[in-house]
Amino acid sequence: MLDVALVSLIQDMSEKAGVEGTIQYWARVGESLAKRMGKEAYMGWPSFNVALREGRTAFSIEGAVTALTDLAITDVDGDVVGYIYALETCVFNPTTVRIRYSVGELPRADRAVADEYNNSVRDTAVCNFCVIHQRFREEVSKNIAIADQQLDCLQLAARGFAGETKITEDALRKIGINPEYVRSLLRNYACVYAILMKGARLKGEEEE
Amino acid sequence: MSEKIIETQKTERRSLIDDNPLVDVAACLFLEDIADKQGASGMNNYLVSLATSLAKSMPVEEYDTWDDFLEALVNGESIISAFEEVISITPNCAVTKKCPFTRGWQEYTKRIGEFSKIHTDVAEYYNSVYKPCVINSMCIIHQTFRNAAAERINITGKPLKCANIAAVWEDGTRKIAPDEWLPILLEKAQITSTDLNMILRNNADVWVIYTD
């Protein structure tokens, strides 16, 4: 219920504070959620991936996340510095359905906020809620250390409720993954992202 | 209707009630952010307008008979029961089996820690200024929504009215209507105080529904 109420607030907030104001608000919510969840440390990637599978990491609040361990990200020396992860159901999906059956349709501001975010921040949002949870993931990564190294998160692709997709080709080039492969992942998953060691020397970055 | 179809509908309805806890936790933090800037009274105003605007965005309803309304209520077809599973103990007594905010709260306490004190502070403010019937900020949203939704429902041409008799939060905290109101509310709901205590053992909310 709180989620549907929150969505009904988006229109009001966007009319009063502008869509830019809503973006700032949502980004702050994502940031503060991550900060309040505290720090985590893991011995290595296997222990992190197990924690993720068992729903013990901060990332797990979003729902079932699959570690695509066949998609390891390697650095220029060929060492594994990260993996690709896929969220099965968009966190906003149940809310969209509930709005459909209780209120009727999503407020216009949902699209407006996503469009503004895509134009002014980064072209990765399929709905207004992407602002919260993409920021949330970035901040969560900063709070997690694997083998004493801080993590970083790259948004790779997302599929919206009506099937619209956003694929971040720049980020994919950096980690050396074919965009078409990620596109095929979106058939089964709603959101795909990479978690990797902060500051890792990636092949794609070196080539640039 | 066959039992299988009814069971499928119930499962679909339950899955509709379930939301993703991240959204609820994010909403709680958003409210805490507001409280940091505007205090308990500012947060209260936000909660009330949030719930009222949600109810106003939902379609109005009309029912020919009280029984039609009760059927829609328990089947989750009415806006007033869109977010919760409701049963009717008597024709005028509705019971919410599980608080719709429980899941978000559980996830909050699991992932973040103790529920911020501001959520109970704002309830104290609400109880002293409006009606003494809420446990925390979630109850303010819930009960305000219910009252605003009731205003959008007409039964045999008369607007629905509702009032909270008692609420129990997940941690066992109870809030029962003040002693001076309780006998009147129980009479309208056609239950006794013993019935009320029995209902509260394994349900979240007890409320009375009526028309003038």
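Rule-based calculations on the coordinates, nothing more; no lab input. As the structure is a computational prediction, the values presented were derived from the model and not from experiment. No Cβ is skipped: glycine too gets one built from the backbone with ideal geometry, and neighbour counts run over all protein chains shown.
Things to note:
- Per-residue mean of C-beta atoms belonging to partner chains within 10 Å, peptide B:24-35: 6
- Gain in span if fully extended, A:Ser60 to A:Gln149, counting 0.36 nm per residue against the direct Cα distance: 30.0 nm
- Gyration tensor verdict on segment A:139-180 (Cα atoms; rounded if a/c is under 1.5, prolate if a/b is larger than b/c, oblate otherwise): oblate
- Theoretical FRET efficiency, 1/(1+(r/R0)^6), r = Cβ-Cβ of B:Thr90 and B:Glu124, R0 41 Å, to 0.05: 0.85
- FRET efficiency estimate (nearest 0.05) - Cβ-Cβ, A:Val80 to B:Lys97, R0 35 angstrom: 0.15
- Build a GNM of chain A with springs between Cα atoms under 10 Å apart, and of A:Ala162, A:Ala114, A:Ala125 the one that fluctuates most is A:Ala162.
- When you filter the trypsin sites (Lys or Arg not before Pro) in segment A:148-203 for DSSP loop state and at most 15 other Cβ atoms inside 10 Å of their Cβ, you are left with A:Arg187, A:Lys198, A:Arg201.
- For chain B, built as a Gaussian network whose Cα springs stay under 10 Å, the top-fluctuating residue of B:Ser78, B:Ser41, B:Ser57: B:Ser57
- Residue range of chain B that is longest and free of GluC sites (Glu not before Pro) which are both DSSP loop and sparsely packed (at most 10 other C-beta within 10 Å): B:1-113
- Dipole magnitude of segment B:56-118, debye to nearest 20 (Cβ charges: Lys/Arg +1, Asp/Glu -1, about Cα centre): 760
- The relative contact order of chain B, computed from alpha carbon pairs under 8 Å that lie at least 6 residues apart in sequence, is 24 percent.
- Sparse-neighbourhood loop sites, GluC sites (Glu not before Pro) in segment A:131-196 - DSSP loop, at most 14 other Cβ within 10 angstrom: A:Glu164
- Take each residue of peptide A:3-16, count the partner chain Cβ atoms within 10 Å of its Cβ, and average: the result is 5.
- Under 18 Å from a label point set 7 Å out along the Cα-to-Cβ vector of B:Val60, the amide N atoms of segment B:181-212 belong to B:211-212.
- Cα-Cα over 32 Å, subset of A:Lys39/B:Lys131; A:Lys39/A:Lys174; B:Lys37/B:Lys131; A:Lys174/B:Lys110; B:Lys37/B:Lys175; A:Lys16/B:Lys175: A:Lys39/B:Lys131; A:Lys174/B:Lys110; A:Lys16/B:Lys175
- Once you reduce segment A:151-208 and segment B:176-212 to the center of their Cα atoms, the two points are 55 Å from each other.
- Here the label points at A:Lys35 and B:Lys117, each 7 Å from Cα along the C-beta direction, are separated by 2.0 nm in the simple model.
- In the protein assembly as shown, the calculated helix contribution to ellipticity at 222 nm averages -16000 deg cm²/dmol per residue, counting -39,500 (n - 2.57) for every DSSP H run with n ≥ 4.
- Counting charges near A:Asp123 (Lys, Arg +1; Asp, Glu -1) among other residues having Cβ under 11 Å from its Cβ returns a value of -1.
- Gyration tensor verdict on segment A:105-194 (Cα atoms; rounded if a/c is under 1.5, prolate if a/b is larger than b/c, oblate otherwise): oblate
- For segment A:2-207, a simple Cβ point-charge model (Lys and Arg +1, Asp and Glu -1, everything else neutral) yields a dipole of about 480 debye relative to the Cα centre.
- Nearest-20 debye value, chain B charge dipole, Cβ charges on Lys, Arg, Asp, Glu: 280
- Neighbourhood net charge (12 Å Cβ-Cβ; Lys/Arg +1, Asp/Glu -1) for B:Pro132: -1
- Global dimensions of segment B:3-210 from alpha-carbon coordinates: Rg and Dmax equal 16.9, 52 Å.
- Computed on segment A:2-207, with alpha-carbon pairs under 8 angstrom and 6+ residues apart, the relative contact order is 26 percent.
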